[in-house]
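What follows is one structure encoded as structure tokens, with my remarks underneath.
The values are calculated or read from the model by the stated rules, or taken from the named source; none is laboratory data. Predicted model, so just to flag it, every value in this text is computed and none were measured. Please note: Cβ atoms are built from the backbone with ideal geometry, for glycine as well, and neighbour counts cover all protein chains shown.
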Amino acid sequence: MSRTTKLELTQLLSARNSELEAARVRIAELEGDVAALKSQLAKTPAAQPLRPTRPVYTPRPATPEQLAFRAKLAAARELAITTGRCIRVEA
């Protein structure tokens with residue numbers, strides 16, 4: 001088993017600390033670059049929100065046949081509730 005002196009450990013620790021500090025400086029530089037690129041990208045026309053390509057859905061008014069069928073369904077529902085039986089509605 002090799003023995004490491006306190007001086008050697010201190011030197012190793014100092015070397016690691018200098019490596020970490022260099023890495024921190026590099027990370028800070030890269031973060032600045034990323035922030036600059038993001039600000040440039042936000043100004044481009046491609047970054048602007050897109051307009052919808054399809055028209056907005058607007059429902060059509062119900063036809064008289066649909067209204068009559070809905071009335072039959074409502075009447076059948078009321079009858080089913082009052083009598084407690086199943087009711088069949090045919091178009």
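Figures for the structure shown
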{"quantity": "Some residue of region 12-20 being under 30 Å from residue 90 (Cα atoms), at pLDDT 90 or above and part of a helix (DSSP H, G or I)", "calculated": "no"}
{"quantity": "Condition met for residue 63 (closer than 30 Å to residue 89 by Cα and free of Cβ contacts under 8 Å to residues at least 12 places away in the same chain)", "calculated": "yes"}
